[in-house]
Amino acid sequence: MRLRVGLIGLGDAWKTRYRPALKLLHDRFDVRAIYTNVPWLAAHAATDFQAQLADGYRSLIQRSDIDAVLILEPCWQGWLPMLAACDQGKAIYWAADLNFEAQQSREVKSKVDASGVAFMAEFPRRFAPATLRLKELIATRLGQPKLIFCHQRMPNAGDSKRTPAQRNGVPQAAANSDREILESIDWCRYVVGRDPVDVYAREHRSGERVDYRSLSMGFQATESAPAVTAQLSVGTYIPTQWHEAIHFRAPSAMQICCENGVAFIDLPSSLVWFDEAGRHLESLDSEMSVGEQLLTQFHRAVTSLVRKMGDLEDAWRASQVLHAGRLSLETQATIKLTLDGNECQLAPKL
């Protein structure tokens with residue numbers, strides 16, 4: 001089945017992820033309409049895919065020849081394109097803001113859940129070839145995880161630069177940092193295979209600007225797996241113009257210590273792991289790209305007879321962990337999580 005899709009926003013990853021994937025998967029996706037705030041980019045993409053330009057996200061979603069919408073970047077309308085797609089019964093691929101916040105998050109989650117449409121949130125780290133191979137190794141060679149470290153250095157573009165999607169005057173660097181931590185939270189949840197039970201967060205400020213954030217998550221032991229501690233951090237302390245410094249000895253995207261070995265991941269397709277036999281280097285460049293993996297999964301979600309809602313739940317749970325991290329910063333205490341009850345509880349201060 002070939003899905004007729006509309007694109008809302010194209011995003012920074014258009015040329016490297018979405019365009020190549022849509023071209024390769026032309027037998028599964030038919031791009032009918034495009035709407036973005038950058039006219040020249042929209043015009044070029046419309047010509048490229050022989051699609052029509054829409055003058056707004058609502059007019060695109062309301063088209064009768066659209067089966068699904070791909071929302072590929074944050075926009076100033078926030079959640080409104082998603083809610084409009086729910087009203088029109090259109091399937092949703094959501095690559096915009098994953099940060100479900102407070103009461104609004106429950107309303108959005110409830111709306112999508114009640115609409116009956118297929119929904120997929122974009123978690124590119126899950127579908128990276130190196131991650132998929134890591135999951136195989138955990139099941140066959142490395143054993144269950146015990147410690148996970150995800151450290152990321154990002155350029156600091158300054159507080160004056162903002163994007164249309166930012167709400168409440170959040171600077172560019174802070175918005176990017178939030179996204180990085182949220183995706184890392186989901187990545188750790190996916191690799192470990194369960195939810196954390198507590199969160200502790202710290203940050204460092206240079207004046208009014210936050211230039212380093214860290215978040216530690218604890219995963220409880222089960223009958224078949226040990227307890228896990230995951231430590232995430234994002235640093236934005238290096239100015240953008242210091243190109244060489246930003247990339248100097250960059251840490252692995254993930255370092256993981258398991259029962260029978262350790263592994264180092266460089267996204268999307270490099271994996272080095274060690275066990276008693278020594279070092280094993282795997283380059284997975286020949287595997288299906290992240291963009292192809294993501295859009296193939298979305299096609300399956302839309303065309304399947306069984307509705308897939310796990311991504312909505314995963315996005316909501318990751319955002320609740322991020323929210324718990326903010327509570328931890330405010331209280332300087334560990335936050336105990338009870339995600340099954342859809343709430344975060346504050347643990348006694350140690």
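If you bin all the Cα-Cα distances of segment 129-286 at 5 Å, starting from zero, the percentages per bin are 2, 8, 17, 19, 18, 15, 11, 7, 4, 1, 0. Take every pair of alpha-carbon atoms less than 8 Å apart whose residues are at least six positions apart; their mean separation over the length of the chain yields a relative contact order of 19 percent. Of the DSSP H helices in the chain, those with a Cα length along their own long axis of 27 Å or more and a mean Kyte-Doolittle hydropathy reaching -1.0 comprise 172-192, 310-331.
Computed from the Cα positions only, the extents of segment 4-148 along the three principal axes stand at 52, 38, 25 Å, in decreasing order.
Each Lys and Arg adds +1 at its Cβ and each Asp and Glu adds -1 at its Cβ; summed about the Cα centre, segment 1-149 shows a dipole of about 620 debye. Taking 0.36 nm per residue of separation and subtracting the Cα-Cα distance, full extension of the segment from residue 15 to residue 276 would add 89.8 nm. Simple point charges give the picture: +1 on the Cβ of Lys and Arg, -1 on the Cβ of Asp and Glu, and for the chain a dipole about the Cα centre of about 300 debye. In plain terms, the chain from residue 248 to residue 76 could stretch by 58.5 nm, reckoned as 0.36 nm per residue minus the Cα-Cα distance.
Would you mind computing Rg(Cα) / (2.2 N^0.38 Å) for the chain, counting N as its residues? Walk me through the numbers before you get to the answer.
On the way: Rg = 20.5 Å, N = 350, 2.2 N^0.38 = 20.4 Å.
So the chain has a normalised radius of gyration of 1.01.
Sort the following peptides by mean Cβ neighbour count (other Cβ atoms within 10 Å, averaged over residues), highest first: 289-297, 39-47. Mind dumping the intermediate values first?
Numbers: 289-297: 20.4, 39-47: 14.3.
Packing proxy ranking, top to bottom: 289-297, 39-47.
Every read-out reported here was derived from the displayed coordinates using simple, explicitly stated rules and does not represent laboratory data. This one's a predicted model, so the numbers in the text were calculated from it and none came from an experiment. Methodologically, a virtual Cβ is constructed for each residue, glycine included, from the backbone with ideal geometry; neighbour enumeration extends over all protein chains shown.
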